[in-house]
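Participant: Take this structure first; my questions come after.
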């Protein structure tokens, strides 16, 4: 009896642990994204000549490059991925008086969708990924740049 107990104990200790399936880790916004489409107030906006790119860094910085002029604007961002839909705040550089832009975001594979209000300070954060006619909501679709 004692030997069968030892064998059972040895087998259970030596057996690989059964791993519980870990929840899927949400996709990271960190990286460079290229603008594909933008809509505001229900109307499609033209992509600037030379395109638009947004780079989100791990330390919370945001760099926006627009057009052939290689104009760079920087600021910062803050995420709350626990909300549904996930929230994003885009803050201008400290030396600018521009208001924080409150929005929502989702990442589906290599596609980033942003919806934010481009109206007056204090406008409510969008709750849906849509830009109805007459609204101050901008809806942007961006693709992740391949390295």
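What follows is calculated from the coordinates using simple rules that are stated; it is not laboratory data. It should be emphasised that the depicted structure is a prediction, and the values quoted were computed from it without experimental measurement. All Cβ positions, even for glycine, are placed from backbone atoms using ideal geometry, and neighbour counts span all protein chains on display.
Participant: Test of understanding: extend the Cα→C-beta vector of residue 143 to 7 Å, then name every residue of region 33-51 with backbone N under 11 Å from that spot.
Facilitator: 34-37
Participant: A follow-up question, please. Sort region 28-144 into rounded, prolate or oblate with this rule: let a ≥ b ≥ c be the square roots of the eigenvalues of the Cα gyration tensor; rounded if a/c is under 1.5, and if a/c is not under 1.5, prolate when a/b is larger than b/c, oblate otherwise. Please report the intermediate quantities before stating the final value.
Facilitator: Details: a/c = 1.18, a/b = 1.08, b/c = 1.09.
Cα axes put region 28-144 in the rounded bin.
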